[in-house]
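Working notes, structure below.
The values are calculated or read from the model by the stated rules, or taken from the named source; none is laboratory data. Please read these numbers as outputs of a predicted model, since none were measured by experiment. Every residue, glycine among them, receives a Cβ derived from its backbone with ideal geometry; neighbour counts consider all protein chains shown. Quick note on the areas: whole protein, heavy atoms, side chains included, nothing else; ligands and nucleic acids left out. Shrake-Rupley method; radii C 1.70, N 1.55, O 1.52, S 1.80 Å.
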Amino acid sequence: MANTNKRNTPHSATGDSDRQYDLFSQAPAAIAVTKGKEHVIDFANDFFLEITAKDSSIIGQPVRDVFTELKEQGFFELLDNVYTTGTPFIGNEMPIEWQVNAEGKKTTSYLNFVYRPLRDKDSRTYGILAHAVEVTEQVNARRLVEENEERYRTLFNSIDQGFCIIEMIFDDNNKPYDYRFIEVNSVFEQQTGLKNAVGKTMRQFAPDMEEDWFSIYGNVALTGKPVRFENRAEALGRWYDAFATRIGGDDSRRVAVLFTDITEKKKIKDAIQASEERFRTLIEQSTDAIQLVDTAGNILYTSESIRQVLGYTPEELEGVGVEDFIHPDDYPHFLEKFQTITLAPQNQVRLEYRVKHKDGSWAWVETVGVNHLDTPNINAIVGNFRNITERKNAEAEQLKLMTITEQRDALMKLNKSKDEFIALASHQLRTPATAVKQYISLILDEFAGPITADQMQYLQTAYDSNERQLSIINSLLKTAQIDASKYKLDKQPCDLVSLMNEAIDNFKPALDIRKQTVAFTAAKKKITALVDIAEIELVIINLLENASKYSHTGTQIQIAINAEGRFVEIIVSDKGVGIAKEHHGRIFDKFTRVDNELSDTVSGTGLGLYWVKQIIEMHGGTIQLKSALGKGTTFIIRMPHE
């Protein structure tokens, strides 16, 4: 911006003021000059105009008229005071809120500035020189550093493990022989017993500290390779589980150490190992799993037979609380019985409850618990348990069948019975259908001997029909699970644009048969959402399939994906036969199929759009239908995204 300032001649007989203004115009700082008590702007250089978002039209106008947004910010009063008293004012990192356009948009800047009075030859103040340097970036950068430092300090002191930063000390042969504490967190003293450690060396606290500690940390400092280890600090009388890593570059000798005092854990482990032989005979004679737990419910020991009962290894359970494995619905009952056991020696309780199997399922176990807290060489609650999942499932199935038999006539009149019947029927149908599939596959692969071409064709037809039946059964099963709120999503971050392209590619063979095409419109950048990838792909395939089946040969299907704020919108449109308005209200109901000119030529269960809607709603989204008979159909999905 060129400086086109128009100004009056300064109070100088020599013309020095004009030369000063020329100098001010080229200065790398914001400079302005005001005249009189009204602070009429006499001069403003380009930097001043730039940071105030003004132009040269402000020359000759009072400051109060030009910068109305400063009215409540105290700057006018500062000018008045400098003019009246003749005392300069210096401001550092002063926040100023500017109005930067006609719409009233404002921005805040930070300035270092000086208001200096201008005096005539009689030392009377006739104006003010304002000199300012914008330091907004520096202020914001410093505040960011301060915020990061505060977050770091909060995290540093909030972790429940000991943490310190040490600086290794090497001798002339580059051998580590000590280290100095640079920083420690609030848990450090509790975990080590060392007080006021910062600035002191380890040997000041423990001159006889084992050499391995210096060797381990020294190697980390020299190589930069992090290490995790357990080691005893005899000088401190403690065992530690520690993780050490170098901080800084290759020349750095500083090491960050995160550690936990595991002395008590080691004592328990040693005690268990010492008594293990005494238990071995008892344990090896049992075909069930045996477990020892303390009064807090922490697992002290588990027999090898746990592998067969629940799939875990004994090592995976050691030191873990039993609460982590018990079904939340069963835990209150378990806790009540467990507390009963602990009340007196030799108390015995039998109970049944569900626990987490290694494969992720819930397994029923029958446990007999006995109080051996006062028994020498045991000193624990002993639990003997077996997996009774098959028995419980059989009982549940029997009870279910009895309930269905006794109440069938009444339940058939209620819509609720449909879901229970679907679940039962699907399970019963899936087993023989799966067996048929396996046996036909064996015959087709000629495991039973050679077959003729005709036999091959017949068997393939039977196999395909069975596959369609299995697909229907699976759809019924999924519907039953959704209705019973038992269906769980496996959500993962996913690029919906890539997923849509993949779904279209997978469906292309079906489109080619009908000579149909897809026009896909999407943003060039990724649109990421947290979804169950398999289920969302099936939703897309289902909508594609509906659009294809109910559109004539040679037509085009249109798909679009748009991100709007926190939501992503997926639109699938066709130019097919459409859906009459009176059917819109039930199109997402189970087993709904609407008659139209193409419905007799395509197959379906009437479940597809039902579970499409359910899956979308399980993702926190909605699906909307727009259609008219003979004018095509559009489905609009809205889901949250990152």
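The table below gives the values:
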read-out: Tail fraction, Cα-Cα pairs, region 159-266, threshold 23 Å, whole percent; value: 18
read-out: Distance in nm between pseudo-label sites at Q138 and D250 (7 Å out along the Cβ direction from Cα); value: 3.6
read-out: Long-range amide H partners of H357 with built H, under 5 Å; value: W362, A363
read-out: Amide hydrogen neighbours beyond the local backbone of E93, cut-off 5 Å, H modeled; value: L111, N112, F113
read-out: Simple spin-label estimate for A271 and Q348 in nanometres, 7 Å along Cα-Cβ; value: 2.5
read-out: Kirkwood-based Rg to Rh ratio, region 18-141, C-alpha trace; value: 0.95
read-out: Accessible surface of region 287-387 [probe 1.4 Å, protein heavy atoms]: carbon and sulfur percent; value: 48
read-out: Over 18 Å between alpha carbons, listed pairs K526/K626; K54/K105; K267/K358; value: K526/K626; K267/K358
read-out: Radius, Kirkwood style, for region 287-387 when every pair of distinct Cα atoms is counted (Å); value: 13.4
read-out: Value of relative contact order over region 210-341, rounded to a whole percent, pairs C-alpha under 8 Å and six or more apart; value: 13
read-out: Carbon/sulfur fraction of accessible area - region 159-266, other protein chains in place, 1.4 Å, %; value: 46
read-out: Average accessible surface area per residue within region 492-640, 1.4 Å rolling probe, Å²; value: 49
read-out: Rounded to whole Hz, the Karplus (6.51, -1.76, 1.60) HN-Hα couplings of region 188-204, x for glycine and proline; value: 3, 4, 4, 7, 10, x, 8, 9, 6, 7, 4, x, 9, 9, 5, 6, 5
read-out: Separation in nanometres of the label points that stand 7 Å from Cα toward Cβ, at D160 and I636; value: 5.0
